[in-house]
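Structure record follows, encoded as C-alpha cells.
The values are calculated or read from the model by the stated rules, or taken from the named source; none is laboratory data. Quick caveat, the model's predicted, so the values are computed rather than measured. Please note: Cβ atoms are built from the backbone with ideal geometry, for glycine as well, and neighbour counts cover all protein chains shown.
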Amino acid sequence: MQLYYTTTYVEFFSIMLIIFAFCFVFLGACYALSVVSPSVDKTTGYECGFDPFSDARDPFSIKFYLISILFILFDIEVIFFFPWVLALPYLYFGGFYIMYIFFAILMFGYIYEWRNRCLDWD
C-alpha cells in the first residue's frame with residue numbers, strides 16, 4: 001500500500017516539474033523574441049476608460065465599471081464548471097442535470113443582459 005502513495009506523489013511532482021519547465025521555456029522565448037519599442041502612447045497611464053490627467057471633478061461614465069462587474073460575475077459562475085467536470089463520474093444523473101439547470105439559468109441571465117443592452121459600449 002505504501003508503494004501506491006509514493007508513485008502517486010512521484011507522478012504528481014513529475015507533472016508539476018514538466019509544467020514549470022514549459023512555463024519557463026515559453027516565458028524565456030517570449031522575453032527573447034519580444035520587440036521593445038516604448039513610445040509616449042504606450043507609457044502613458046490608462047485608467048478605467050478615461051484620461052487620468054483630467055480634472056478629478058469631471059463627470060465620467062460608469063459603464064466601464066458595470067461591464068467589469070458583469071464580467072467578474074460570469075467569470076466566477078463559469079469557475080463552477082471545473083469541479084463539476086472533475087466530480088462528474090461520482091455525481092451520476094442528479095448532478096449532471098442540476099448543472100445543466102445552473103447553465104440554463106446562467107444563459108437566461110446572459111440573454112437578459114444582452115437584450116437590455118447592458119453589454120453595449122455606447
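Looking at TRP114, TRP84, just one residue is part of a helix (DSSP H, G or I), more than 22 Å from ILE62 (Cα to Cα) and not β-branched (Val, Ile, Thr), and that residue is TRP84. Of all residues in the stretch 96-116, those being among the small types (Gly, Ala, Ser) and surrounded by 14 or more Cβ atoms within 10 Å (Cβ to Cβ) number 1. I'd like to verify a number: residues in the stretch 80-95 that are surrounded by 10 or more Cβ atoms within 10 Å (Cβ to Cβ) and within 15 Å of LEU106 (Cβ to Cβ), how many? Final tally of qualifying residues: 3. Residue pairs whose Cβ atoms lie under 7 Å apart, sitting 6 or more positions apart in sequence or on different chains, and linking a residue in the stretch 26-54 that is closer than 20 Å to TYR65 by Cβ to a partner that is part of a loop (DSSP other than H, G, I, E, B) and at pLDDT below 65, are GLY45/PRO52. Taking first residues from the stretch 57-75 that are more than 11 Å from CYS118 (Cβ to Cβ) and modelled with pLDDT under 80 and partners that are among the aromatic types (Phe, Trp, Tyr) and not in a loop (DSSP other than H, G, I, E, B), the Cβ contacts under 6 Å between residues at least 6 apart in sequence or on separate chains come to PHE60/PHE50.
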